[in-house]
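**Q** My structure is below; once you've seen it, I'll send some questions.
The values are calculated or read from the model by the stated rules, or taken from the named source; none is laboratory data. Please read all numbers here as calculations on a predicted model, not as lab measurements. Every residue, glycine among them, receives a Cβ derived from its backbone with ideal geometry; neighbour counts consider all protein chains shown. Protein only, heavy atoms only, side chains kept; ligands, DNA and RNA dropped before computing areas. Shrake-Rupley method; radii C 1.70, N 1.55, O 1.52, S 1.80 Å.
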2 protein chains.
Amino acid sequence: MSKVFTHMTMSLDGFIADPDDGIEDIFDWYGAGDVSVPSANEGVSLTVDEASAAVLRDLIESAGALVSGRRLFDITDGWGDNHPMGVPVVVVTHRPPDDADRWPRTTFVGDVGTAIERATEIAGGKDVTVASASVAQQALTLGLVDEVCVSLAPVLLGAGIPYFANLDGRHLLEDPTVVQGRRAVHLRYPVRR
Amino acid sequence: MSKVFTHMTMSLDGFIADPDDGIEDIFDWYGAGDVSVPSANEGVSLTVDEASAAVLRDLIESAGALVSGRRLFDITDGWGDNHPMGVPVVVVTHRPPDDADRWPRTTFVGDVGTAIERATEIAGGKDVTVASASVAQQALTLGLVDEVCVSLAPVLLGAGIPYFANLDGRHLLEDPTVVQGRRAVHLRYPVRR
């Protein structure tokens, strides 16, 4: 069965980036070992420890589509229409870019519910991964998330952009699967129904 | 060597209590098993799973003194001068209570640095545990914390009182020891010097 999961690398105090969108220190685990994890985008190369490599491979192999917010899409220039996970991207935005044909594998839709619906169709039985905090928050509130995944980095940022904010209330999770990698503890929590 | 560590139970989104000081759902692990962990305070009884019991016993046995903020002291009425960990308490407060002799084992001091100094003397070679978020934050900023410990509860609260806030900037941590308990993942991070 196709699942919808969110995955972010987060500091111990809950931030996915510093106040200037910087990911210094948080993403140390992406280069903390000597196991190369192939990426669909030649510009992105990851060398992680063995435990983290297994986690990454699993995330990459299970994903059939990715949902992004507009901000992340803009920051990355739409990953050159070639996201490192190798899957089509659905972007939530009220205003698709005028030059949308620069990203033929990318779909632009107006709201989170529709984005996850489209992404599920595109994924064709594989999983849908949510890659933006703002989209993850809305999807959680809408009850559309099956699993919350966190790669927890051993750093306190003090300030920054939170993974979780603007939730409509509390969400209970099941106990996670835990994988200890170098410079990240990987946690996968099923959302309790 | 005596260590200073902070320990809190925290939701995955970083809160140690909800906006009304409630700890519902966060502290489920305190009753999630059938292993009884003795407490120095007869009013407090914990029955946890085996893995969490080992973590709790280790925390209790290593502690020689506890540092608390004034707010937590007031909420608990000073634990009846008998903290569940069975150790003397040092409270950071600008105004000691008028009836301070109600708590003969409790010491009142005016600032975090002095509190940790006094607690270290009282601990006599054992560890000092910091039990309030506000004190933990100041102690981290002052560079007085050796280990940050978190019992990470599988719940998103959406709002509440943060474990970490008001830090003076980022703090790098070493990779943690990880123990998976029922309804909590226990993480101990040495602070990087």
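**Q** Under a point spin-label approximation (7 Å from Cα along Cα-to-Cβ), what is the A:Ser62-B:Asp111 distance to one decimal in nm?
**A** About 5.1 nm, to one decimal.
**Q** How high is the FRET efficiency between A:Thr76 and B:Glu24 when r is their beta carbon distance and R₀ equals 30 Å, given to the nearest 0.05?
**A** The pair A:Thr76/B:Glu24 has a calculated efficiency of 0.15.
**Q** Given 10 °C and 1.306 mPa s, compute D for region A:79-193 with the Stokes-Einstein relation, Rh being the Kirkwood radius over Cα pairs; round to the nearest whole µm²/s.
**A** The calculation lands on 99 µm²/s.
**Q** For region B:122-183, what ratio Rg/Rh do Cα atoms give with a Kirkwood hydrodynamic radius?
**A** Rounded to two decimals, Rg over Rh is 0.98.
**Q** List the residues whose amide H sits under 5 Å from the amide H of B:Lys3, counting only those 5 or more places along or on another chain, with H placed 1.01 Å from N in the peptide plane.
**A** Here the answer is B:Asp127, B:Val128, since their amide H atoms fall under 5 Å of that of B:Lys3.
**Q** Also, I was wondering about something else. In whole Hz, what ³J(HN,Hα) sequence does region A:46-52 give by Karplus (6.51, -1.76, 1.60; θ = phi - 60°), x for Gly and Pro?
**A** 10, 10, 10, 6, 4, 5, 5
**Q** Another one. Can you list the lysines whose alpha carbon is less than 19 Å from that of A:Lys3, not counting same-chain residues fewer than 8 positions off?
**A** A:Lys126
**Q** Further question on the same structure: What are the residues whose amide H is under 5 Å from the amide H of B:Leu152, where those residues sit 5 or more places off or on another chain and H is modelled from the backbone?
**A** Distant-sequence amide H within range of B:Leu152: B:Met10, B:Val185, B:His186, B:Leu187.
**Q** Based solely on C-alpha atoms, express the radius of gyration and the Dmax of region A:1-109 in angstrom.
**A** That works out to 14.8, 43 Å for Rg and Dmax.
**Q** Spelling out what I want: for every residue of region A:113-126, take phi, set θ = phi - 60°, compute 6.51 cos²θ - 1.76 cosθ + 1.60 (Karplus), and round to whole Hz; glycine and proline get x.
**A** x, 5, 4, 5, 4, 4, 4, 5, 4, 4, 5, x, x, 7
**Q** Of B:Val130, B:Thr114, B:Val148, which is farthest towards the positive pole of region B:4-190's charge dipole, taken about the Cα centre with +1 and -1 on the beta-carbons of Lys, Arg and Asp, Glu respectively?
**A** Of B:Val130, B:Thr114, B:Val148, it is B:Thr114.
**Q** Then there is this: Leaving out ligands, DNA and RNA but keeping every protein chain, what accessible area does B:Leu142 have, in Å² rounded to the nearest 10, with a 1.4 Å probe?
**A** 100 Å²
**Q** What is the mean projected area of the alpha carbon convex hull for the protein assembly as shown, to one decimal in square nanometres?
**A** One quarter of the hull surface, i.e. the mean projection, equals 19.8 nm².
**Q** With θ set to phi - 60° and the Karplus curve 6.51 cos²θ - 1.76 cosθ + 1.60, what are the ³J(HN,Hα) couplings of region B:91-106 in order, to the nearest whole Hz, using x for Gly and Pro?
**A** Once θ is set to phi - 60°, the couplings for region B:91-106 become 10, 8, 7, 7, 10, x, x, 4, 9, 4, 6, 5, 10, x, 8, 9 Hz.
**Q** Just to be sure I understand: if you take the accessible area of chain A alone plus chain B alone and subtract the pair, with a 1.4 Å probe, what total do you get in Å², rounded to 100?
**A** Summing both chains' loss of accessible area gives about 3000 Å².
**Q** How high is the relative contact order of region B:1-127? Use alpha-carbon pairs under 8 Å, at least six apart in sequence, and give a whole percent.
**A** Rounded, it is 24 percent for region B:1-127.
**Q** What is the set of long-range amide H partners of B:Asn82 at a cut-off below 5 Å, with H atoms built 1.01 Å from backbone N?
**A** Correct list: empty.
**Q** If you don't mind, another one. For A:Gly169, place a label point 7 Å out from Cα along the Cα→Cβ vector, do the same in each other copy, and report the separations in nm, one decimal, smallest first.
**A** Label-point separations across copies, in nm and ascending: 4.2.
**Q** Just need the Rg to Rh number for chain B, please, alpha carbons only, Kirkwood Rh.
**A** That ratio is 0.94, to two decimals.
**Q** Which trypsin sites (Lys or Arg not before Pro) in region A:54-116 pass both tests, a DSSP loop state and at most 15 other beta-carbon atoms within 10 Å?
**A** Loop-located and lightly packed - A:Arg105.
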